[in-house]
Amino acid sequence: MEAKFWNRHTETMPRAKLDALHLHRLQALCHYVYERSPFFRKKFDAARLKPGDIRTLEDFKRKVPITDKSEFIDQQLANPPYGPTLAMPEELIVHHCETSGTTGKPLAIPYTMYDTVRYGESWIYGMWALGIRPTDTFYFAFGWGNFAGFWSTYWAARRIGCRVISGGGLDTKGHINAIMRMKPTVLISTPTFALRMAAVASEMGVDVSKSSIKFTYHAGEPGPTALPAMREQIERAWGARAGELLGIAEVDAFAPGCPVGDGVHVNEMNNFTWSMDPNTGKEVAEGEIGENIITSYSNSAQPLLNYRSHDLVRRRMSCSCGRTWAKLEGAVLGRTDFMVTVRGTNVYQTAVENLIGEIPEVSNSYELVLTREEDNDAMTVKFEPVRTVNPDRWDDLARLMSDKIHKALHVRLKCEPVPPDTLPRYELKTKRIIDQRPKEFRRALDR
Ligand SMILES: [Zn+2]
């Protein structure tokens, strides 16, 4: 129970051993998909690639075609539910999830029993490091649907041996009452919903910092790792330690949080990852920002090789926590589909969010509106001053925010106050970016 690692042997494996294991697994995976997945066989044949051609990790990165979500969705739509992306008979599928479809049609995700066990375990490395143990009780503040994030957390809780309480379809007040009555110790929610719950509790006269919750754990949107100001708010509001996992529904809960708190570690037992320059398709050096490209070993039903995450990350190969697994500093810094260049400077979403979070007179609800002005990307920050700020001071706040961003990021953004509680609130997938640029400019940096 006092152990620092969930699995010391694998989490601290020397790099050379990890790489040898990756090569062995990637070679086996290439043979597997070539034999079982009509989708990948076609892609390999089109690239004149045979599984035996992969002799090094470099071969794998360079020769195995890059794949993207839209290809999988197109194939599934033509032949539902899974089409030629399925690598096994459909009767072996024990669980079906879907992506939320926020960027278009949802992607169907099939899992075998084996996939669900490995996917669930991915969460545990971060939970264990935070201090969660089999004696804890999980509370899920979420209405269950086909969202992989919460199902996989459930698979993790079962694997650790914790008790599980589902909040189901309760409203926010209902969740708070259930927590006070059932006394769970771990809160599972999106980070913004944890803050929303704390605010509603306060209106109800309930101080959740004195509740039974010892840990909060988050996924689904940028949370305490990407946004230190948000960590501070959540930990203070709940009197708890906040953790975060970076996952992608169709891939894996692939990057559990580092106990140091400033990044997430790629679970290298389940995934092989590298960073690609989205402009050139070439690998970027350690410490440079690039798109995270993922190959998962835990999707035997619908394999994903050299899969585009569209997440911009900064990769480091060492960490003071002792893990040898690659670390993504600050988790996700931005998205390739929302990459913004204002007068020659790349502006990353979380960099702006962190600066907004440092201003105490501004609420946690804000929007970054992208437009096109005179052949340039432009970003406007719409923010809500908190209720206690006199409307006379809203313009001063806007100036303060604009100066703060200018000083830190060397770009001048328009900052626009809107009345308190006017921007939308979300239970899942808070929409921060409102892209109003003409379509041809939106994914200009995608290949
Ligand atoms: Zn670490």
message: Rounded to the nearest angstrom and ordered from largest down, what semi-axes does the equivalent ellipsoid of the chain get from its C-alpha gyration tensor (root of 5λ)?
response: 35, 28, 21
field: Rounded to 10°, Cα long-axis angle of helix 148-160 versus longest principal axis of the chain
entry: 80 degrees
message: Please arrange 1, 13, 180 by how many other C-beta atoms lie within 10 Å of their C-beta, fewest to most.
response: 1, 180, 13
task: Run down the aspartates and glutamates and flag those whose C-alpha is under 17 Å from the C-alpha of residue 105, throwing out any fewer than 8 positions away in its chain.
output: 68, 71, 74, 250, 337
- prompt: Taking other Cβ within 10 Å of each residue's Cβ, how do 192, 380, 185 sort, fewest first?
  reply: 380, 185, 192
task: Give me 411, 264, 340 ranked fewest to most by other Cβ atoms within 10 Å of their Cβ, as a rough exposure proxy.
output: 411, 340, 264
Three-way shape call for the stretch 3-129 based on the alpha-carbon gyration tensor, with the a/c threshold at 1.5: oblate
task: Calculate the translational D of the stretch 1-261 in whole µm² s⁻¹ from Stokes-Einstein, where the hydrodynamic radius comes from the Kirkwood formula applied to all Cα pairs, the temperature is 4 °C and the viscosity 1.567 mPa s.
output: 64 µm²/s
field: the stretch 337-442 - Kirkwood radius from inverse mean 1/r over Cα pairs (Å)
entry: 14.3 Å
query: Which of the lysines could a cross-linker span from residue 43 if the Cα-Cα distance has to be under 21 Å and same-chain partners fewer than 8 positions apart are dropped?
result: 61, 63, 69, 282
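Only the coordinates and a few stated rules stand behind these numbers; no lab work does. Note that this is a predicted model, so its numbers are computed, not measured. Note that each Cβ is placed from the backbone with ideal geometry, even for glycine, and that neighbours are counted across all protein chains shown.
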